[in-house]
Amino acid sequence: MATKRQISKLAKAVAEVGDRTGNFLERTDPAKATRALEMLADGESFRTIQKELGLQWDTVARLKARHKTLLDERRAVLAEDALEIAEGLRLLQKEKMRMLAEDPEQLARTNIRDLSIPWGIANDKFLAAVGENKVVVEHKSAAPSLEDAMKAIQEAREKLKLGSVEILTKDITNETEQGPESHS
């Protein structure tokens, strides 16, 4: 959530744009504009803002563009906070590693993931906040089950049946043996 200082800056920015002529969200609905800016400042996605506030994508994009400097300031504050946390965890990890190096029994009981994962998360958040994190990890589910595959095959067969044309055939082998005059 944005801080009080940040919220007052957001409200001031909305008021400044609200004084302009035109159909700006800041003019037509300043409370909604302020809330959208708060959500942008807190890193919410356009989709979340659209759903929660009922705004169009282009409205959120224009709002973000008009207040880019203010949002960049907020991003810098978030980056500073993330860096402070990451550095604190790094120092704690270093101290814990020193303590563990001096106590073999405790070292045997401590899982390194208990130290590495929080540091990695905080460091990742810092890099993302300053725009340096270019790696995207995509989590995919396991391969489909046999039942899923069989269901997909059955659905495909049903679609083919719906789109097929029935062809009627006539056995003409008897006609050619008897000749055309025998049909009278």
Residues being surrounded by fewer than 17 Cβ atoms within 10 Å (Cβ to Cβ) and touching a helix residue (DSSP H, G or I) at 6+ places or on another chain (Cβ under 7 Å): count how many of those fall in the stretch 25-42. 2
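Inspect all residues belonging to the stretch 120-128 and state whether any of them is surrounded by 10 or more Cβ atoms within 10 Å (Cβ to Cβ), assigned to a loop (DSSP other than H, G, I, E, B) and not assigned by TED's automatic domain parsing to the domain that holds PHE24.
no
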Answer with yes or no whether ARG90 is under 26 Å from GLU26 (Cβ atoms) and either touching a residue at least 24 places away in the same chain (Cβ under 8 Å) or not in a helix (DSSP H, G or I) (or both). no
Is one or more of the residues making up the stretch 57-64 in contact with a Lys or Arg (Cβ under 9 Å, 6 or more places away or on another chain) and without any contact (Cβ under 8 Å) to a residue 40 or more places away in the chain? yes
Taking ALA82, is it part of a helix (DSSP H, G or I) and touching a Phe, Trp or Tyr at 6+ places or on another chain (Cβ under 6 Å)? yes
When the stretch 49-78 is examined, which residues are found to be surrounded by 14 or more Cβ atoms within 10 Å (Cβ to Cβ), under 20 Å from the mean Cα position of the chain (by Cα) and not charged (D, E, K, R)? ILE49, GLN50, LEU53, LEU55, THR59, VAL60, LEU71, LEU78
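The values are calculated or read from the model by the stated rules, or taken from the named source; none is laboratory data. None of these values were measured; they are calculated from a predicted model. Here Cβ is always computed from backbone atoms with ideal geometry, including for glycine, and neighbour counts include all displayed protein chains.
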